[in-house]
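Only one structure is covered here, and it is reproduced in the block below.
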Amino acid sequence: MIVATNISKQYEQRQVLASIDLSIAGSEIVGIIGPNGSGKSTLMKLLSGAETPTTGTVQLHDKSISTYKQKELAKEIAVLQQDPLPSVGFTVREIVEMGRYPYQSWLGTEQTSKHPEQDIVTETINRLHLQHLEQELVDHLSGGEKQRVALAKVITQEPKILMLDEPTTFLDIGYQLQMMEIVKAWQREKQLTVVVILHDLNIASMYCDRLVLLKQGTIKKIGPPASVIDADVIASVYETRPIVINHPKLAHVPQIILDK
Amino acid sequence: MTKKLLLYGGGATLLLLFSFILSLSIGSSMIPINDVWSTLLGKGNEVTEAIVINVRLPRITLAILVGSALAVAGAGFQGILRNPLADPYILGVSSGASVGAAFIILFGLQSALFGKYSIPVVAFITGVLTLFVVIKIAMRNGQLQKETLILSGVIVQAFLGSFISLMVSLSDTVLNEIIFWMMGSVTMRGWEYPQMMAPYLLIGIIILLTQGRALNLFALGERQALHLGVAIERTKMTVLITSTLLTAAAVSVAGVVGFVGLIVPHLIRLVVGPDYRLIIPLSVVVGSIYVLWADTIARMALMPKEIPLGVVTALLGAPFFAYLLKKGKKGINL
């Protein structure tokens, strides 16, 4: 589905990404991990078409991503950013409805959609248990609730590929798991492709089918969590050596324990 | 949303209609509302016809057009620049237009270039040119950053402002005329000015009406709007250029009428919230009402002397807005 061939990105004199080859296809959750400044967010900007690579190409369904019209691209790829929704004075429902923008004509009516607009908005609000907040202003919500509203907006966008940029950073552990469970359930149901940047290696290991480990703008290791979450590999990238154990309840899910 | 639009839009339109009739009836000679009606329907006598149709109607029409153009342009600038201080003049359009007008007045070219249209045509051109200079300065790699854009507008405005001051200081005899032009007025313009302005206004408003939903998404930040399918740079250009054309059209016929484009969209926001699908159409109507009354007061308050329109819009608008800002429940969300 998305194929990046030998992409690099340079800002002024600074090389942020260099010769990355990455192919993401079908229904899987791909985690992008790596230390601060390793180029994770830049890679996502290139894969989502928000920026163009300095060299190399990104193809979506065998077509260069830069040739897509913005609305067509928004029907394919949705992006959830880490910063919570700004205080904008819109209600929860109004924000969730914004996800339908790519499907609306300039008059504001839906062109082609299997669902009547209101149905999918209501459905998503119920699914994320936001009914009681529907008419509240997002400004009044907690960080966790705001992130759930942002996720609801992305779900109503009905993309085929979902990209999440550190979706759990500002959340407590309960919300982190809740967020990932919702994403995973939705991914399984719709057979989505999910690309997610995660800082927490244990969450990445629990939820991702594949991990891409970046170091200074290049891919250091790529593969299933069992091969990437390895004491030697982690030590060579993060400059600290953790203890790696198997999750006591889940098979093939390595977890790290920090060691001084 | 549709319900709200019908409710507030219907209410505002009724108020505009009421204001329109009332303002036709009041003036140095008071004409009863019934007579205004019959004159409008073509059944008036010669006297009411002369006053209502030939004197007041064109002036009031121009006030309505100028008010709606400035208010809707202000909404457009605020929607793109996301700055509470944004108004139709923030990118220097008014200074540009003033330079053109002052130049014409200073050198006595009022009827030399384009007949009696010299001032509006030249002011319009210099106003629009200013925007292109400002955009040219602010553009980086094909992208417009709003902070850079605002700064570049401020710089160009300061530069052009000094030119205007220079021209004012050079002129002894026409000083008053330049200053009065800059303070804004819709008096003694006849039917030509409203006719000249109406087409721009209509096209401009229609274009901005189609951008309401995109402007709502800008509230979430430009990157979010991009991923929801908004062609960011194209939308910015469309709204900025359209709003500038509207502003330039208004300034070129009526001078620099201040404050309307700043407070009318804010005022609407305080009542209906941040939805641009409401703010844009309501700005058209409320802006009309605002300038219509400001002009009525301008011609009535110190009769037979007229107060410059720009003085009234700010003199009344500032305290009223301060009151709303203090009392408003919804707060200002751009």
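The values are calculated or read from the model by the stated rules, or taken from the named source; none is laboratory data. Fair warning: this is a prediction, and the values are worked out from it, not measured in the lab. Glycine gets a Cβ as well: all are built from the backbone with ideal geometry, and neighbour counts include every protein chain shown. Side chains included, ligands, DNA and RNA excluded: accessible areas come from the protein's heavy atoms. Shrake-Rupley method; radii C 1.70, N 1.55, O 1.52, S 1.80 Å.
With +1 on the Cβ of every Lys and Arg and -1 on the Cβ of every Asp and Glu, and nothing else charged, how large is the dipole of chain A about its Cα centre, in debye rounded to the nearest 20?
That gives a dipole near 600 debye.
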* To do: Against the globular-protein guess of 2.2 N^0.38 Å, express the Cα radius of gyration of the protein assembly as shown as a ratio, rounded to two decimals.
  => 1.17
* Where nothing but the Cβ of Lys and Arg (+1) and of Asp and Glu (-1) is charged, how large is the charge dipole of the protein assembly as shown around its Cα centre, in debye to the nearest 20? -> 60 debye
* To do: Kindly identify the range B:209-334 as rounded, prolate or oblate by the Cα gyration tensor criterion: order the square roots of the eigenvalues as a ≥ b ≥ c, call it rounded if a/c is under 1.5, otherwise compare a/b with b/c, prolate if a/b is larger, else oblate.
  => oblate
* Taking amide H positions as placed in the peptide plane 1.01 Å from N, state which residues far from A:K9 in sequence (5 or more) or on other chains have amide H under 5 Å from it. => A:V16, A:L17, A:A18, A:T54
* When all C-alpha to C-alpha distances in chain B are sorted into bins of 10 Å, what percent of pairs does each bin hold, rounded to whole numbers? -> 6, 25, 34, 24, 9, 2, 0
* Label point 7 Å out from B:I21 along Cα-to-Cβ: which residues of the range B:31-54 have amide N under 11 Å? -> B:33-38
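I'm checking a number: the convex hull volume of the Cα atoms of the range A:2-257, normalised per residue, in Å³. What is it?
Convex hull volume per residue, Cα atoms: 142 Å³.
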* For A:L164, residues with placed amide H under 5 Å, excluding near neighbours -> A:L80, A:V195, A:V196, A:I197
* Asked: B:V55 versus A:R14, label points 7 Å from Cα toward the beta carbon: distance in nm?
  -> 6.9 nm
* Dipole of the range A:2-257 (Lys/Arg Cβ +1, Asp/Glu Cβ -1, origin at the Cα centre): which of A:A25, A:I256, A:L177 lies farthest to the positive side? -> A:A25
* Determine, from the Cβ-Cβ distance of A:A231 and A:D62 and an R0 of 51 Å, the FRET efficiency 1/(1 + (r/R0)^6), rounded to the nearest 0.05. => 0.80
* Can you list the lysines whose alpha carbon is less than 26 Å from that of B:K305, not counting same-chain residues fewer than 8 positions off? -> B:K116
* Asked: How high is the FRET efficiency between B:A198 and B:L41 when r is their beta carbon distance and R₀ equals 25 Å, given to the nearest 0.05?
  -> 0.70
* Taking all protein chains together and a probe of 1.4 Å, list A:H132, A:H252, A:H199, A:H247 from the most accessible to the least accessible. => A:H252, A:H132, A:H199, A:H247
* Which FRET efficiency value, to the nearest 0.05, is calculated for A:H199 and B:L151 with the Förster distance at 30 angstrom and r the Cβ-Cβ distance? -> 0.25
* Mean Kyte-Doolittle of at least 1.0 plus a Cα span of 24 Å or more along the axis: flag which DSSP H helices in chain B meet both, please. => B:2-25, B:57-81, B:118-138, B:146-170, B:192-209, B:232-254, B:276-300, B:309-327
* Asked: In whole angstrom, how far apart do the alpha carbon centroids of the range A:139-197 and the range A:1-47 sit?
  -> 21 Å
* To do: Would you work out the relative contact order for chain B, in percent, from Cα pairs under 8 angstrom that are 6 or more residues apart?
  => 29 percent
* Apply the membrane-span-like helix rule to chain A: whole DSSP H runs, Cα extent along the own long axis of at least 15 Å, mean Kyte-Doolittle hydropathy at least -1.0. List the helices found. => A:117-127, A:143-156, A:173-190
* Asked: For chain A, what relative contact order do you get, as a whole percent, if you take Cα pairs closer than 8 Å and at least 6 residues apart?
  -> 25 percent
* Asked: Given A:K153/A:K220; A:K146/B:K146; A:K75/B:K236; A:K45/B:K3, which pairs have Cα atoms separated by over 32 Å?
  -> A:K153/A:K220; A:K45/B:K3
* Please give the solvent-accessible surface of A:K146 in Å², to the nearest 10, using a probe radius of 1.4 Å with every protein chain present. => 30 Å²
* To do: Using +1 at the Cβ of each Lys and Arg and -1 at the Cβ of each Asp and Glu in the range A:2-257, identify which of A:L192, A:T67, A:T57 lies farthest towards the dipole's positive end.
  => A:T57
* To do: Give me the distance in nm between label points sitting 7 Å out from Cα along the Cα-to-Cβ direction at B:L315 and A:T55, one decimal.
  => 6.9 nm
* MRE, 222 nm, helices only [DSSP H, n ≥ 4, -39500 (n - 2.57), over the protein assembly as shown, to nearest 500] -> -17500 deg cm²/dmol
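Dipole magnitude of chain B about its Cα centre, charges +1 at Lys/Arg Cβ and -1 at Asp/Glu Cβ only, in debye to the nearest 20? List each step's numbers first, then the result.
Details: 23 positive and 13 negative charges, 236 e Å.
Computed charge dipole of chain B: roughly 1140 debye.
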* **Potential lengthening between B:R234 and B:K136 on full extension [0.36 nm per residue; Cα-Cα distance subtracted]** => 33.7 nm
* Asked: Roughly what would the spin-label model give for B:F180 and B:F163, points 7 Å off Cα along C-beta, in nm?
  -> 2.5 nm
